[in-house]
Amino acid sequence: MSSSAGAAVRLDLPVGADRHERALVRDAQRGSSEAFEQLFRSHWPRAYRAALLVVGDAAAAEDIAQESFLAAVRALDRFDRRRPFGPWLHRIVVNRAIDWSRARALRREHFATAEQAAEEREPSAHARTLAAALGELQPEQRAVIVLRYLLEYTPGEIAQLLDLPRGTVNSRLRRGLDRLREAVHE
Amino acid sequence: MKRLFDAVPVDSEAEERAWGVVREAFAAREPEARRRNWAGPATVLVAAALLAAALSPPGRAVVNAVRRSIGIEGAQPALFRLPAAGRLLVSGGGGTWVVSADGSTRRLGDYVQASWSPHALFVVAATRNELAAVEPATGRVHWQLARPLVRFPRWGGTRTDTRVAYLTDGRLHVVAGDGTGDRAVSSSRIPPVWQPGTSRHVLAYVDGRGRVRLAGGRFASRAYEGARALAWSPDGKTLALAARGEVVLFAIATGRAHVLHVPGVRSLAFAADGRLAMVRGRSVIVDGRTLFVAPSRLAGIAWSPSGRWLLASLPLADQWVFVQTRGVRRVLAVSHIRRQFGGEPSLDGWAPGQ
């Protein structure tokens with residue numbers, strides 16, 4: 001679908017769900033807006049949450065998730081239906097979120113984000129604690145944690161998604177989890 | 001931990017906003033199979049119909065009559081609605097207006113030029129001696145900057161980091177999206193354009209010697225006579241320049257210039273899918289082919305967000321003309337534009353959204 005879809009990452013979906021998603025991708029490639037909307041609706045929550053947990057900014061998370069879906073639209077004709085849609089999308093989301101986090105020192109369009117922040121829904125206390133603890137980690141560690149525990153990829157799949165050695169993924173996971181435990185138990 | 005992650009709320013309004021944008025993008029693409037199946041026969045049928053109409057005596061009479069007039073016959077007496085989704089921004093002697101898809105209009109103020117912010121959340125507008133950031137829904141001014149002879153305000157960047165470029169007294173200036181940090185860049189005379197798809201704030205402009213340059217990048221071209229307009233392709237890889245004798249497409253990564261020998265182009269714009277539209281005299285040219293010939297001179301051009309429609313202005317006829325660029329060729333003309341907007345408006349951009 002794009003250069004970022006180079007690695008063939010498998011997600012262990014139930015056979016029926018896998019087949020259904022392939023059918024949706026096929027119909028979307030043939031122009032069915034309904035099929036693409038089903039793909040969007042089923043993948044949006046996890047894409048948005050993943051971006052939000054990595055960047056910690058609702059407006060940026062919306063932007064990142066939306067841009068990832070726009071990338072999917074642009075590359076839809078080239079998408080290999082034998083591969084699952086989710087991992088490809090999550091790879092883009094997480095990489096963009098890491099890039100955004102690295103560049104967050106840049107100046108903000110402050111009145112826009114302030115207004116959007118006022119509209120944000122209030123997360124639960126636990127979720128707030130977790131988000132705050134995640135915010136203490138490096139973006140690369142956050143991404144690995146989110147891929148493992150929100151999107152439920154195996155360390156091997158994460159290594160493929162992020163083009164990292166498996167040992168690096170394991171060490172980032174271990175260190176990230178240790179720091180999260182400390183923060184959550186404080 | 002999985003339960004905690006899943007407890008992070010998902011903003012349903014964000015989902016709907018995103019779906020609106022993604023749906024527009026999806027609608028704008030054409031599936032390969034559909035293009036293969038229909039493009040050929042449809043083109044042949046349209047060409048045959050046009051040829052038959054032009055060759056028959058009544059058809060020729062109609063064509064000649066239209067050519068003699070300066071406007072398009074059968075135009076609607078007013079702009080009742082836009083033919084596609086989105087919000088149109090126009091400015092002129094009657095101020096700056098936002099036109100919604102349902103035809104409702106909102107006047108933002110006594111501005112004479114304007115453009116959308118990158119995500120169409122705001123408008124940057126200019127009076128003769130002032131630059132202002134304005135909310136399109138209310139006209140509320142967020143910041144303003146007093147400068148002499150302000151022209152061509154252009155807002156670029158990402159949702160979280162933006163810059164505004166503008167000309168003041170013949171000098172190109174850049175100010176941050178919150179109105180701070182104003183600085184001069186160069187001398188210039190034509191509207192600058194921000195490169196899309198990057199957070200590096202790359203601004204293309206034509207300097208006082210007629211050379212195309214990038215502020216924030218290393219590119220610089222040779223000098224071109226009569227440079228009139230610049231436009232970026234949506235992927236930010238190609239920069240188009242309309243000069244007096246030609247249109248030049250610069251591949252920014254390599255610096256190579258591809259010259260199109262189309263003299264006299266006054267306006268040009270890329271659609272979201274990368275098609276390049278140019279206005280030359282009475283003609284609208286899309287990807288090298290004449291899409292539409294008007295009875296009188298055309299001015300300005302704007303793509304609908306979906307890329308399905310092109311809007312151009314016929315100042316002599318006091319009309320706007322909407323031309324459908326995909327599927328069946330449809331031409332919708334609207335009259336009495338000056339009366340509706342209090343003066344002859346320029347087309348400042350057609351953005352997504354309600």
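Listing for the model above:
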{"quantity": "Filter pass, A:Ser2 being at pLDDT 85 or above and within 14 Å of chain B (Cβ to nearest Cβ)", "calculated": "no"}
{"quantity": "Selection count where residues are assigned to a loop (DSSP other than H, G, I, E, B), within 19 Å of B:Arg163 (Cβ to Cβ) and small (Gly, Ala, Ser), scope region B:94-129", "calculated": "2"}
{"quantity": "Number of the exception - B:Ala223 against (1) over 24 Å from B:Arg289 (Cβ atoms); (2) in contact (Cβ under 8 Å) with a residue 60 or more places away in the chain", "calculated": "(2)"}
{"quantity": "Residue match in region B:126-136 (condition: hydroxyl-bearing (Ser, Thr, Tyr) and in contact with a Gly (Cβ under 7 Å, 6 or more places away or on another chain))", "calculated": "no"}
{"quantity": "Residue within region B:274-293 that is part of a strand (DSSP E or B), charged (D, E, K, R) and out of contact with any Cys (no Cβ under 8 Å at 6 or more places or on another chain) present", "calculated": "yes"}
{"quantity": "Residue within region B:224-231 that is crowded, with 16+ Cβ neighbours inside 10 Å, within 22 Å of B:Ala351 (Cβ to Cβ) and among the basic types (Lys, Arg) present", "calculated": "no"}
{"quantity": "Criterion (under 25 Å from B:Val90 (Cβ atoms) and either among the charged types (D, E, K, R) or at pLDDT below 95 (or both)) met by exactly one of B:Arg163, B:Arg209, B:Arg213", "calculated": "B:Arg163"}
{"quantity": "Leading residue by the ranking (farthest from the chain's Cα centre (by Cα)) among those in region B:154-191 that are under 21 Å from B:Ala242 (Cα atoms) and assigned to a loop (DSSP other than H, G, I, E, B)", "calculated": "B:Gly170"}
{"quantity": "Region A:68-87, subset surrounded by fewer than 23 Cβ atoms within 10 Å (Cβ to Cβ) and within 25 Å of A:Leu130 (Cβ to Cβ), residue nearest to the other protein chains (Cβ to nearest Cβ)", "calculated": "A:Gly86"}
{"quantity": "Filter result for A:Gly56 (under 21 Å from the mean Cα position of the chain (by Cα) and at pLDDT below 90)", "calculated": "yes"}
{"quantity": "Flag for B:Ala132 being in a loop (DSSP other than H, G, I, E, B) and of a type outside the set (Asp, Glu)", "calculated": "no"}
{"quantity": "Residues of region A:40-60 satisfying the condition of being part of a helix (DSSP H, G or I), touching a residue at least 24 places away in the same chain (Cβ under 8 Å) and either more than 8 Å from chain B (Cβ to nearest Cβ) or touching a Cys at 6+ places or on another chain (Cβ under 6 Å) (or both)", "calculated": "A:His43, A:Arg46, A:Ala47, A:Ala50, A:Ala51, A:Val54, A:Val55"}
{"quantity": "Flag for B:Arg163 being buried (at least 20 other Cβ atoms within 10 Å of the Cβ), in contact with a helix residue (DSSP H, G or I) (Cβ under 9 Å, 6 or more places away or on another chain), free of Cβ contacts under 8 Å to residues at least 60 places away in the same chain and basic (Lys, Arg)", "calculated": "no"}
{"quantity": "Set A:Ala132, A:Ala105, A:Ala117, A:Ala112: member being out of contact with any helix residue (DSSP H, G or I) (no Cβ under 6 Å at 6 or more places or on another chain) and at pLDDT 70 or above", "calculated": "A:Ala132"}
{"quantity": "Selection status of B:Arg329, surrounded by fewer than 16 Cβ atoms within 10 Å (Cβ to Cβ) and assigned to a loop (DSSP other than H, G, I, E, B)", "calculated": "yes"}
{"quantity": "Residue within region B:199-220 that is among the small types (Gly, Ala, Ser), within 22 Å of B:Val123 (Cβ to Cβ) and without any contact (Cβ under 8 Å) to a residue 40 or more places away in the chain present", "calculated": "yes"}
{"quantity": "Tally, over region B:298-318, of residues that are polar (S, T, N, Q) and closer than 23 Å to B:Ser233 by Cβ", "calculated": "2"}
{"quantity": "Residue selected from region A:29-39 under the condition part of a helix (DSSP H, G or I) and at the interface with chain B (Cβ under 8 Å from one of its Cβ atoms), by the criterion surrounded by the fewest Cβ atoms within 10 Å (Cβ to Cβ)", "calculated": "A:Ser33"}
{"quantity": "Residue that is more than 14 Å from chain A (Cβ to nearest Cβ), within 16 Å of B:Pro352 (Cα to Cα) and buried (at least 18 other Cβ atoms within 10 Å of the Cβ), where the choices are B:Val98, B:Val112", "calculated": "B:Val98"}
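The values are calculated or read from the model by the stated rules, or taken from the named source; none is laboratory data. Note that this is a predicted model, so its numbers are computed, not measured. Virtual Cβ from ideal backbone geometry, glycine too; neighbours counted across all protein chains shown.
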